[in-house]
2 protein chains.
Amino acid sequence: MKLTELKAIQLAELFSALSDASRVRIISLLIEGEMSVSALAEGLNMTESAVSHQLRGLRQMRIVRARKEGRQVFYTLEDEHVQKLYSMGLDHVEHG
Amino acid sequence: MKLTELKAIQLAELFSALSDASRVRIISLLIEGEMSVSALAEGLNMTESAVSHQLRGLRQMRIVRARKEGRQVFYTLEDEHVQKLYSMGLDHVEHG
DNA sequence: TGAATAGTTGAGCAAGTGTTCATATATTAT
DNA sequence: ATAATATATGAACACTTGCTCAACTATTCA
């Protein structure tokens, strides 16, 4: 089946979301459930700024969604597709 | 489930294989079957050098395998994991 | 009101990526 | 041998990426 250039780019962008260890770790935490930026930063040993920068990218890719509550912002995974990619990839890394 | 830093890196490396449009297109052709470097280059409108450089990376990641026949080198996908990731990603891009 | 807290944003920079171009190697044909 | 073909490789370069740091906004608390 022929793959158009546009779809090749979109596919590459999708996989780029998971092509960095920090983002993978962010997603692995968000799979457990909603989390604030500072909780993510603490859990990942990253500055809030660095986390925020990554979340911005993930937001633009529609991979996470933000919900504001007071002065905190809670993030969740936007859909289960990325989660499926994640667990399939993890399966590949762990076994296989 | 806790994700170790090592596995986060390995996961990121795996997804990096598909994080570039040229590599996605190379893989989309190899899904159809074995292909030589020059056939890939022609099918993708890339120089043989550029294709060869990308194939080297994919080889190192154990995503493709090379088979030499005379002066041609034929490449195939090393296992079906990446193919599964590819089609799951494509599904996400096309629908959903 | 002013201070503290949570997060975002932009600039700057070091490191990484993907291509081109030239060159090298291996194989086949003359 | 020499030439031609198929691929690989290294250097160079433009471009991208992910971080830090400082400055900013928004919200809560005293």
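Values computed for the structure shown
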item: Extension gain (nm, one decimal) between B:M88 and B:M61, 0.36 nm per residue minus Cα-Cα; result: 7.7 nm
item: Accessible area of chain B divided out per residue, in Å², using a probe of 1.4 angstrom; result: 55 Å²
item: Cα convex hull of the protein assembly as shown, projected area averaged across orientations, nm²; result: 11.4 nm²
item: Whole-Hz ³J(HN,Hα) from phi, Karplus 6.51 cos²θ - 1.76 cosθ + 1.60, for region A:64-76, glycine and proline x; result: 10, 10, 9, 9, 8, 9, x, 9, 9, 10, 9, 10, 9
item: Solvent-accessible ranking of A:V24, B:V73, largest area first, probe 1.4 Å; result: B:V73, A:V24
item: Proximal charge balance of B:V51 [Cβ under 11 Å; K/R count +1, D/E count -1]; result: +1
item: Sites A:E69 and A:E48 - FRET efficiency at Förster radius 22 Å, r taken between beta-carbons, to 0.05; result: 0.85
item: Radius of gyration, Dmax [region B:19-94; alpha carbons; angstrom]; result: 12.0, 40
item: Charge sum, other residues only, whose C-beta stays under 12 Å from A:V64's C-beta, Lys/Arg counted +1 and Asp/Glu -1; result: +3
item: With Cα atoms, 0 to 90° folded angle of helix B:81-94 axis to chain B main axis; result: 80 degrees
item: Shielding score for A:69-81, defined as the mean number of other chain Cβ atoms within 10 Å; result: 1
item: Cα centroid separation - region B:26-83 against region A:15-55, whole Å; result: 34 Å
item: 0 to 90° range, to nearest 10: angle between helix A:5-16 axis and chain A longest Cα axis; result: 40 degrees
item: Inter-copy spacing of A:G70 label points, which lie 7 Å from Cα along Cα→Cβ, given in nm from shortest upward; result: 7.4
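The values are calculated or read from the model by the stated rules, or taken from the named source; none is laboratory data. Since the model is a prediction, treat every value here as computed from it, not as a measurement. Using ideal geometry, Cβ is built from the backbone for each residue, glycine included, and neighbour counts are taken over all protein chains shown. We work out accessible area using only protein heavy atoms, side chains counted, and drop any ligands, DNA or RNA first. Shrake-Rupley method; radii C 1.70, N 1.55, O 1.52, S 1.80 Å.
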